[in-house]
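What follows is one structure encoded as structure tokens, with my remarks underneath.
The values are calculated or read from the model by the stated rules, or taken from the named source; none is laboratory data. On a predicted model such as this, the values are computed, not experimentally measured, just so you know. In this analysis, Cβ positions are derived from the backbone assuming ideal geometry, glycine residues included, and neighbour counts consider all displayed protein chains. Keep in mind that these areas ignore ligands, DNA and RNA; they rest on the heavy atoms of the full protein, side chains included. Shrake-Rupley method; radii C 1.70, N 1.55, O 1.52, S 1.80 Å.
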Amino acid sequence: MKTFAIVLSGCGVYDGAEIHEATMAMLAVRKKGHQYQIFAPNMWQYHVVNHLTGEEMPEKRNVLVESARIARGNIKDLKDFDAAQFDALIFAGGFGVAKNLCDFAVKGENYQVSDSVAKVIKDMYAAGKPIGAMCVSPILLAGVLDGVKITLGDPCDSSRAAEKHGAKHQVATLEEVVVDQQNKLATTPCYMLDADIAQISEGADHLVDELLKLM
């Protein structure tokens, strides 16, 4: 049995982790007979968005506390991540990636990945263990590792920003996974494209399959 670490960035597409992607990643791991542990950074969200109206709300929320909603409380602080305990790493998407795990939402192509997230990526990379990224989260890999091959679906602001950081962007459809064999990375577009939850599930299944092959 393999153990996957899944990193979330809050709870809700507009200010945290995309819930469908997070859930389908967990389901894909379990369906294939493996186990997972969820992580999130213990930090304040960039802001809080009303998911009914799309408007910003005058309150503060914590990324770890909000991510615990999706994890049903079974979650660990990202600072306690130990690459030696895991066989693969997965980042779910959602605007929380661009707002909480890095500052792409604010700085665009000049974005930087947060220190805690960068350390996790570097630790797994140094250990030769595969990393998967869904939706917009491949920008994290582009921001930390040199010359990686990723997909963000179709060309977009996110893909252009990743390319400025040295990444090679490959166009992909919803269920496709782009694999960087040399760097042991697997990425899939998910809701970067017009998708429904069944297609997100299929993409997650294929992502986990590719990560297992890279082990």
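Can you pull out the residues in region 131-161 that are touching a strand residue (DSSP E or B) at 6+ places or on another chain (Cβ under 6 Å), open to solvent by less than 10 Å² (accessible area, probe 1.4 Å) and farther than 13 Å from residue 185 by Cα?
Correct list: 159 only.
Can you tell me which residue within region 3-27, out of those that are among the small types (Gly, Ala, Ser) and crowded, with 24+ Cβ neighbours inside 10 Å, is nearest to residue 62 (Cα to Cα)? Full working, then the answer.
The initial filter retains those residues of region 3-27 that are among the small types (Gly, Ala, Ser), namely 5, 9-10, 12, 16-17, 22, 25.
Checking which are crowded, with 24+ Cβ neighbours inside 10 Å leaves us with 5, 9-10, 16-17, 22, 25.
Details: 5: 20, 9: 10, 10: 8, 16: 10, 17: 13, 22: 18, 25: 22 Å.
It comes out as 10.
Please specify each residue of region 5-47 satisfying the condition of being closer than 23 Å to residue 115 by Cβ and not in a loop (DSSP other than H, G, I, E, B). Show your work before the answer.
Initially, region 5-47 is screened for residues closer than 23 Å to residue 115 by Cβ, giving 5-11, 15-17, 22, 37-47.
Once the filter is applied, which keeps residues that are closer than 23 Å to residue 115 by Cβ and not in a loop (DSSP other than H, G, I, E, B), region 5-47 yields 5, 6, 7, 22, 37, 38, 39, 40, 44.
From the list 185, 174, 207, pick out the single residue that is in contact with a helix residue (DSSP H, G or I) (Cβ under 9 Å, 6 or more places away or on another chain) and at pLDDT below 95.
On the way: 185 fails: at pLDDT below 95; 207 fails: at pLDDT below 95.
None of the other options fit; the residue is 174.
Would you say residue 32 is open to solvent by 20 Å² or more (accessible area, probe 1.4 Å), at pLDDT 95 or above and under 12 Å from residue 4 (Cβ atoms)?
Working: open to solvent by 20 Å² or more (accessible area, probe 1.4 Å): yes; at pLDDT 95 or above: yes; under 12 Å from residue 4 (Cβ atoms): yes.
Yes; evaluated as a whole, the condition is true for this residue.
Residues that are of a type outside the set (Lys, Arg), in contact with an Asp or Glu (Cβ under 6 Å, 6 or more places away or on another chain) and under 23 Å from residue 215 (Cβ atoms): does region 150-166 have at least one? Even if it seems obvious, please write down each step before you answer.
Step one: filter region 150-166 for residues of a type outside the set (Lys, Arg), giving 150-159, 161-163, 165-166.
Okay, now just the ones that are also in contact with an Asp or Glu (Cβ under 6 Å, 6 or more places away or on another chain), so 161, 166.
Now restrict to residues that are under 23 Å from residue 215 (Cβ atoms): none.
No, region 150-166 contains no residue that is of a type outside the set (Lys, Arg), in contact with an Asp or Glu (Cβ under 6 Å, 6 or more places away or on another chain) and under 23 Å from residue 215 (Cβ atoms).
Inside region 105-120, can you point out the residues that are more than 12 Å from residue 139 (Cβ to Cβ), within 16 Å of the chain's Cα centre (by Cα) and open to solvent by 20 Å² or more (accessible area, probe 1.4 Å)?
Answer for region 105-120, where residues must be more than 12 Å from residue 139 (Cβ to Cβ), within 16 Å of the chain's Cα centre (by Cα) and open to solvent by 20 Å² or more (accessible area, probe 1.4 Å): 114, 115, 116, 119.
Quick one: which of 60, 76 is free of Cβ contacts under 8 Å to residues at least 40 places away in the same chain and part of a strand (DSSP E or B)?
76
List the number of the failed condition for residue 65; all other conditions in (1) open to solvent by 10 Å² or more (accessible area, probe 1.4 Å); (2) touching an Asp or Glu at 6+ places or on another chain (Cβ under 7 Å) hold.
(2)
Could you tell me whether any residue of region 185-202 is touching a Pro at 6+ places or on another chain (Cβ under 9 Å), buried (at least 17 other Cβ atoms within 10 Å of the Cβ) and more than 18 Å from residue 25 (Cα to Cα)?
no
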